[in-house]
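Participant: The structure follows.
The values are calculated or read from the model by the stated rules, or taken from the named source; none is laboratory data. These numbers were taken from a predicted model, which means no experiment stands behind them. Note that each Cβ is placed from the backbone with ideal geometry, even for glycine, and that neighbours are counted across all protein chains shown. Surface accessibility is based on the protein's heavy atoms, side chains included, excluding ligands, DNA and RNA. Shrake-Rupley method; radii C 1.70, N 1.55, O 1.52, S 1.80 Å.
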Amino acid sequence: MKLHNISLALLLGIGTLTSCDSKLDVTNPNQQTAATFGYSADELEECIIACYNHIRMEGTYARVGYMLDVCRGDEVWNSSQVWYMPFDDLNVAFTDEIGQWSWRDWYYTINVCNFVLSQFVEGGEELPEAFARAKGQALFLRGLAYYNLAGYYQNPLLITNYETYSTLDGLYGSNYEPGDTDGNAQYDRVWDQVEEDFAGAISLLPSRDAGGQWAKGRATCGAAAGYYARALMMRHKYSEALDVLKSIIAGQYGHYELMANYGDNFREGSAYENNAESLFEVQYLDYGTQGVDDEWTPVNTSPNATQGNAIESNFGPGDCGGWADLSASPWLYNLFKAERTTSGSLDPRLYWTIGTYEPEWEGFEYGNQCYKVTQTDDWGNPDIPLVTNNNYGGLPVAKNTNLRTGLYEKVVTGLHNGINLRMMRYSDVLLRAAECENEVNGPTQQAIDWINQVRNRAGLASLNLANFSSKDKLFEQIANVERPKEFGCEFGRGFDLLRWGFFYNGDRLRQLKDHAAVNFWTKANYNNGTYNYTPKDKVQYSNCSKSSYDTWTKGHEFFPIYQGTLNDNPNLVGNSANNSTDNATYFEAHGWTVHPVVNL
């Protein structure tokens, strides 16, 4: 490979020797353009920083872009019954502008990545380290952008050439090609590009070990390898993904290990963030070190921007100053309660995932605190749980908030949460490796051993291979026990449901409805005897207030492309959610099967 600026320098040198023109052409450094900027490693580094800045915006990971997938999963429900409700209910209207925010912000990211990549041309020369790192990061971040766009919008516009557009107004290409019969052809083209970008990034980026201080907060070859495996699994390329995951486990891309304390993955501060378990995380400034201007959109460029996220605002209970939008499902809570550790205590992941009062939490970590308020002192009755929303109830999500950190008095709403979002952890590598091993070879001791590393960190007893007589049974354990308890209420569950095909099987769809079933609850109605249950109780779909999947119809496992975007670009075609078309045929045509439900 070689850089355009090498050729440019040569042409300028020739021009100097041959020109007789005495005019002096001076470029104003304060009016830089794409034609005059990006030819040095330092300038490319500024572009890369801009790329990272774009992934911490409203539509990427600062709030909506993160929460849309959390909503789509079965571990969280909409307790406000207002904000996010159509996304949680999987019936988003194509006229809902919020659904366009993630599209908008990821294309900003792609634009800057494409500019960086436009500075390189193919050739036989090896790139200097600084340039290789710049190109590798641009490939990773573009792959990450299309990973999200494909997972949300199914058939996004694929743009890899910077010359195609310089502003969002130039997005006039087509997401269909001659011969396409539906959006799934474009879906495959985008995933092909995602795989290519992540594979290219692996070869250019250093490991977290070799990168040293540089690697803290940046994409490394380990991050690229982890996401490459994820992308392969989206289209059931389990054998290929297994090879990649084994390489990560073997340390080929740097050393990773599980943190001894699960909670260290969800605290702010240099002692916890960018730790040995983290393959990739989005960087946010700790609360108190940020500015004061909430920067919700990519076009805001305040020098005093907060540089935090609003995840806590969505999860935070109204009584603690939160927006009270989203709550953990009763299914997830009771899944945690169903199995004790080898010492007889509760799974510590429950403490960090759901903000409930439990007698076992006395003396554990920060105890039964919600922010700096002891729950039993504030609400009086330990049998009446703290709820996210006062009108509909719901168990508060503690993960990626300060509910359990003991740092703050209450939720500070807006883009002020300084907890880095760990987007891929080593525990995901282990559980994905176990899943791929099971898909390729059936239940094996190796798959069980990888699962047990994650279980043992939580203090749970090891699984025994003898208890898993079939591939289907071990899959059920991974999909509906191990992964929910390890990653509950984090980004990614919606992507899992897509790749597993749960929307295309009647039994799996009924299971999703059971998982997402909730009963509305208020303290007043409980006290006056109207209710004889609490949000902690198990809920049956047959007699619940609602389930997130009640209103799902075919094609709406994806989010529709916003009608305003379709109006602006006459070459763009809507996806299955715009047209309510069935994607089961695509799934089945590839020979992919949905694992049957197995009672564990």
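Participant: Taking region 179-230, which residues are closer than 30 Å to Ser580 by Cβ and among the acidic types (Asp, Glu)?
Facilitator: Within region 179-230, Asp180, Asp182, Asp188, Asp192, Glu195 qualify.
Participant: Separate question: Please indicate, with yes or no, whether at least one residue in region 326-340 is on the phi < 0 side of the Ramachandran plot, open to solvent by 60 Å² or more (accessible area, probe 1.4 Å) and of a type outside the set (A, V, I, L, M, F, W, C). Lay out the reasoning, then the answer.
Facilitator: Going through region 326-340, the residues on the phi < 0 side of the Ramachandran plot turn out to be 326-340.
Among the residues that remain, those that are also open to solvent by 60 Å² or more (accessible area, probe 1.4 Å) are: 337-338, 340.
Those left that are additionally of a type outside the set (A, V, I, L, M, F, W, C): 337, 340.
Looking through region 326-340, at least one residue is on the phi < 0 side of the Ramachandran plot, open to solvent by 60 Å² or more (accessible area, probe 1.4 Å) and of a type outside the set (A, V, I, L, M, F, W, C).
Participant: Right, something else. Tell me yes or no: at least one residue of region 466-488 is at positive phi, in contact (Cβ under 8 Å) with a residue 40 or more places away in the chain and either assigned to a loop (DSSP other than H, G, I, E, B) or under 19 Å from the mean Cα position of the chain (by Cα) (or both).
Facilitator: Within region 466-488, none of the residues are at positive phi, in contact (Cβ under 8 Å) with a residue 40 or more places away in the chain and either assigned to a loop (DSSP other than H, G, I, E, B) or under 19 Å from the mean Cα position of the chain (by Cα) (or both).
Participant: Give the residues of region 204-228 that are open to solvent by less than 10 Å² (accessible area, probe 1.4 Å), in a loop (DSSP other than H, G, I, E, B) and out of contact with any Ser or Thr (no Cβ under 8 Å at 6 or more places or on another chain), sorted by residue number.
Facilitator: Result: Ala219, single match.
Participant: Inside region 518-600, counting only helices (runs of 4 or more DSSP H) that do not spill past its ends, which hold 1 or more residues that are within 22 Å of Leu68 (Cβ to Cβ)?
Facilitator: On the way: elements: 523-527, 563-568, 576-579, 584-589.
In region 518-600, 563-568, 576-579, 584-589 are the helices (runs of 4 or more DSSP H) which contain 1 or more residues that are within 22 Å of Leu68 (Cβ to Cβ).
Participant: Tyr272: in contact with a helix residue (DSSP H, G or I) (Cβ under 9 Å, 6 or more places away or on another chain), of a type in the set (Phe, Trp, Tyr) and not in a loop (DSSP other than H, G, I, E, B), yes or no?
Facilitator: Criteria not met by Tyr272.
Participant: Considering region 256-268 alone, what residues qualify as being open to solvent by 10 Å² or more (accessible area, probe 1.4 Å) and of a type outside the set (Ser, Thr, Tyr)?
Facilitator: Across region 256-268, the qualifying residues are Glu257, Leu258, Met259, Ala260, Asn261, Asp264, Arg267, Glu268.
Participant: With respect to Asn505, is the statement that it is polar (S, T, N, Q), within 30 Å of Asp180 (Cα to Cα) and in contact (Cβ under 8 Å) with a residue 24 or more places away in the chain true?
Facilitator: Yes: the conditions hold for Asn505.
Participant: Given the options Glu195, Glu177, name the one that is modelled with pLDDT of 90 or more, under 19 Å from Tyr586 (Cβ atoms) and part of a helix (DSSP H, G or I).
Facilitator: On the way: Glu177 fails: part of a helix (DSSP H, G or I).
On inspection, the qualifying residue turns out to be Glu195.
Participant: Tell me which residues, restricted to region 546-564, are open to solvent by 20 Å² or more (accessible area, probe 1.4 Å) and polar (S, T, N, Q).
Facilitator: Listed by number, the residues that qualify are Thr551, Thr553, Gln563.
Participant: While we're here: Pick from Glu240, Glu281, Glu257: which is closer than 30 Å to Ser79 by Cβ and among the acidic types (Asp, Glu)?
Facilitator: Result: Glu281 is the single residue among Glu240, Glu281, Glu257 that is closer than 30 Å to Ser79 by Cβ and among the acidic types (Asp, Glu).
Participant: Turning to a different aspect of this structure: Examine region 346-354 for a residue that is closer than 30 Å to Ile448 by Cα, touching a helix residue (DSSP H, G or I) at 6+ places or on another chain (Cβ under 6 Å) and part of a loop (DSSP other than H, G, I, E, B), and state whether such a residue exists.
Facilitator: yes
Participant: What pairs can you find where one residue is in region 523-543 and closer than 22 Å to Ala338 by Cβ, the other is small (Gly, Ala, Ser) and outside any loop (DSSP other than H, G, I, E, B), and their Cβ atoms are less than 8 Å apart, with a gap of 6+ or different chains?
Facilitator: Pro535/Ser327; Pro535/Gly393; Val539/Ala517; Gln540/Ala517; Tyr541/Ala517; Tyr541/Ser547
Participant: Test Leu149 against the criterion of being open to solvent by less than 10 Å² (accessible area, probe 1.4 Å), under 23 Å from the mean Cα position of the chain (by Cα) and farther than 30 Å from Phe520 by Cβ, and give yes or no. So that I can check it myself, show each step before the final result.
Facilitator: Details: open to solvent by less than 10 Å² (accessible area, probe 1.4 Å): yes; under 23 Å from the mean Cα position of the chain (by Cα): yes; farther than 30 Å from Phe520 by Cβ: yes.
Here the answer is yes, as Leu149 does meet what is asked.
Participant: Also, I was wondering about something else. Can you report the number of residues in region 229-255 which are in contact (Cβ under 8 Å) with a residue 60 or more places away in the chain and either closer than 26 Å to Gln154 by Cα or surrounded by fewer than 19 Cβ atoms within 10 Å (Cβ to Cβ) (or both)? Explain how you work it out, then say what you get.
Facilitator: Filtering region 229-255 down to residues in contact (Cβ under 8 Å) with a residue 60 or more places away in the chain leaves 229-231, 233-236, 238-239, 241-242, 245-246, 248-249.
Still in the running and either closer than 26 Å to Gln154 by Cα or surrounded by fewer than 19 Cβ atoms within 10 Å (Cβ to Cβ) (or both): 229-231, 233-236, 238-239, 241-242, 245-246, 249.
Total meeting the criteria: 14.
Participant: Out of region 582-600, which residues are hydrophobic (A, V, I, L, M, F, W, C) and open to solvent by less than 80 Å² (accessible area, probe 1.4 Å)?
Facilitator: Scanning region 582-600 gives Ala584, Phe587, Trp592, Val594, Val597, Val598.
Participant: Oh, and also: Quick one: in region 358-387, which of the residues that are modelled with pLDDT under 90 and in contact with a Ser or Thr (Cβ under 6 Å, 6 or more places away or on another chain) is nearest to Lys399 (Cα to Cα)?
Facilitator: Checked region 358-387; the qualifying residue nearest to Lys399 (Cα to Cα) is Pro385.
Participant: Quickly run through region 285-304 and pick out the residues that are in contact (Cβ under 8 Å) with a residue 40 or more places away in the chain and either acidic (Asp, Glu) or open to solvent by less than 10 Å² (accessible area, probe 1.4 Å) (or both).
Facilitator: Passing the criteria: Asp286, Asp294, Glu295.
Participant: Which condition number does Arg142 fail, the rest of (1) on the phi < 0 side of the Ramachandran plot; (2) open to solvent by less than 10 Å² (accessible area, probe 1.4 Å); (3) under 24 Å from the mean Cα position of the chain (by Cα) being met?
Facilitator: Failing condition for Arg142: (2).
Participant: Here are some residues: Ser239, Ser174, Ser207. Which one is more than 24 Å from Trp592 (Cβ to Cβ), out of contact with any Gly (no Cβ under 6 Å at 6 or more places or on another chain) and of a type in the set (Ser, Thr, Tyr)?
Facilitator: Step by step, each of Ser239, Ser174, Ser207 is checked, and only Ser174 is more than 24 Å from Trp592 (Cβ to Cβ), out of contact with any Gly (no Cβ under 6 Å at 6 or more places or on another chain) and of a type in the set (Ser, Thr, Tyr).
Participant: Something else: Kindly check whether there is at least one residue in region 315-323 that is modelled with pLDDT of 95 or more, open to solvent by less than 40 Å² (accessible area, probe 1.4 Å) and in a helix (DSSP H, G or I).
Facilitator: Yes, region 315-323 has at least one match.
Participant: Pick out the one residue from Thr401, Thr413 that is in a loop (DSSP other than H, G, I, E, B), open to solvent by less than 10 Å² (accessible area, probe 1.4 Å) and among the hydroxyl-bearing types (Ser, Thr, Tyr).
Facilitator: Thr401
Participant: Test of understanding: among Lys399, Lys410, Lys473, which residue is modelled with pLDDT of 95 or more and closer than 30 Å to Ser79 by Cβ?
Facilitator: That would be Lys399, the only listed residue that is modelled with pLDDT of 95 or more and closer than 30 Å to Ser79 by Cβ.
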